[in-house]
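The structure appears right after this line, and notes come after that.
The values are calculated or read from the model by the stated rules, or taken from the named source; none is laboratory data. Since the structure is predicted, the reported quantities are computational estimates derived from the model, not experimental observations. Counting neighbours? That spans all protein chains shown, and the Cβs are built from the backbone with ideal geometry, glycine included. These area figures cover heavy atoms from the full protein model, side chains too; ligands, DNA and RNA do not enter into them. Shrake-Rupley method; radii C 1.70, N 1.55, O 1.52, S 1.80 Å.
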Amino acid sequence: MIAITAQVLSGILAAGAVLAAGVWILIRIHKEAYYDKRRLELALAGSKVGLWDWSVQGGFVVRSKSYGEMLGYEPAELTDRLLWETTLIHPEDLPRLKAALDSYLAGDSPSFEQEFRLRDAAGRWRWVLDRGVVVARDRHKRPTRAVGITVDITARKEVELRLRELSFRDPVTGLYNRTYFNHKLQELDREEALPLSVIMADLNFLKLANDTFGHRCGDLLLSAAAKVFKENCRASDIVTRWGGDEFAILLPNTGEEEALRICQRIRAACARTQKDPVQLSVALGAATRTSMAEPMDSIVAAAEGWMYRYKSLERGDDTSRWLALIDRAFLQ
């Protein structure tokens with residue numbers, strides 16, 4: 001038998017005490033972490049805030065229970081896959097989200113913050129605000145872990161989009177306005193939109209209609225023209241009131257021949273439309289962009305130029321008709 005001296009025994013007991021104390025501390029830390037997590041989950045329960053913890057190298061995300069509750073999912077329904085590997089995120093928002101995240105992880109952006117849409121358990125799209133930060137990196141300074149929050153901002157976003165929609169609308173015709181036209185012009189400044197045609201339209205003798213029959217007649221003419229444009233353009237076309245008596249139409253993926261056919265349909269529809277007290281009449285011009293080398297401003301200017309040429313050609317007949325209308329109005 002090996003004799004255990006009092007000194008050795010004392011050392012063993014001391015080590016055991018240290019080990020026991022260490023175990024107790026670890027248990028305590030674990031319990032505190034558990035209760036901290038539980039308190040956080042209770043605080044977030046019923047809220048519109050979710051937490052996520054992304055293992056960048058592992059390629060998976062741990063989402064809090066409140067994340068699922070925010071979207072109406074049960075915990076078992078939540079996936080640990082990245083959003084772009086699921087059908088949760090709106091397809092239109094995905095490229096923007098990935099670009100912002102890649103930029104942040106590469107160190108090109110100081111922070112990560114994005115608004116996008118997620119599909120809830122009922123199949124509806126809900127707007128959320130995502131904010132995240134890298135909390136761990138490897139020895140090469142590459143991100144290994146990121147954490148963040150996701151906040152439901154649907155109510156605020158709906159109000160914001162509604163106000164934006166109103167700011168893009170012409171109150172008389174209900175069409176989009178020139179601000180929206182310019183916005184879409186920039187958005188369509190890409191190869192995928194080619195060929196891109198523009199139709200410019202001018203409502204003939206709007207001022208004379210206002211002066212002779214009153215502004216109500218002028219507003220009716222503008223509304224009648226807007227209705228004709230909408231009915232004779234496609235759902236993908238952007239019909240706008242350019243300002244005053246002018247209208248502008250953007251036709252993505254539309255060649256010159258199709259644009260001219262649409263002009264013919266509009267002219268024919270105008271001839272069949274309002275006749276009393278004023279026959280609806282518009283001058284139309286079209287131009288088509290077939291290459292990214294052609295500036296969009298030049299295409300719009302070309303369409304406007306053709307519109308004014310046609311307006312000059314049609315002015316004789318319209319003037320005679322208007323003189324007859326004025327005579328009839330004052331003889332009544």
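The lone criterion from (1) modelled with pLDDT under 95; (2) outside any helix (DSSP H, G or I); (3) touching a helix residue (DSSP H, G or I) at 6+ places or on another chain (Cβ under 8 Å) left unmet by Cys270 is number (2). Among the residues of the range 143-154, is there at least one that is closer than 30 Å to Phe229 by Cβ and either touching a Leu at 6+ places or on another chain (Cβ under 8 Å) or crowded, with 16+ Cβ neighbours inside 10 Å (or both)? No, the range 143-154 has no match at all. Listed here are the strands (runs of 3 or more DSSP E) enclosed by the range 103-163 that have at least 2 residues being of a type in the set (Asp, Glu): 112-119.
Taking the criterion of being in contact with a Lys or Arg (Cβ under 7 Å, 6 or more places away or on another chain) and among the polar types (S, T, N, Q), the residues of the range 171-203 that qualify are Thr173, Asn177. Of Asp130, Asp170, Asp120, all but one fail to be within 30 Å of Phe229 (Cβ to Cβ), of a type outside the set (Lys, Arg) and open to solvent by less than 30 Å² (accessible area, probe 1.4 Å); the exception is Asp170. If you filter the range 242-257 down to residues that are open to solvent by 70 Å² or more (accessible area, probe 1.4 Å) and either in contact with a strand residue (DSSP E or B) (Cβ under 6 Å, 6 or more places away or on another chain) or without any contact (Cβ under 8 Å) to a residue 40 or more places away in the chain (or both), you find that the one that is farthest from Ile199 (Cα to Cα) is Glu257. Is one or more of the residues making up the range 258-277 open to solvent by less than 20 Å² (accessible area, probe 1.4 Å), β-branched (Val, Ile, Thr) and under 23 Å from Leu188 (Cβ atoms)? The answer is yes; a qualifying residue exists. In this structure, Glu77 qualifies as at pLDDT below 90, open to solvent by 80 Å² or more (accessible area, probe 1.4 Å) and among the acidic types (Asp, Glu).
Inside the range 228-241, residues that are farther than 16 Å from Gly218 by Cβ, open to solvent by 30 Å² or more (accessible area, probe 1.4 Å) and not in a loop (DSSP other than H, G, I, E, B) make up a count of 2. Checking each residue in the range 260-298 for being over 17 Å from Ala226 (Cβ atoms), free of Cβ contacts under 8 Å to residues at least 24 places away in the same chain and not small (Gly, Ala, Ser) picks out Arg261, Gln264, Lys275, Asp276, Glu294, Pro295, Asp297.
Scanning the range 71-102 for residues being out of contact with any helix residue (DSSP H, G or I) (no Cβ under 7 Å at 6 or more places or on another chain), over 21 Å from Glu187 (Cβ atoms) and not in a helix (DSSP H, G or I) gives a total of 9.
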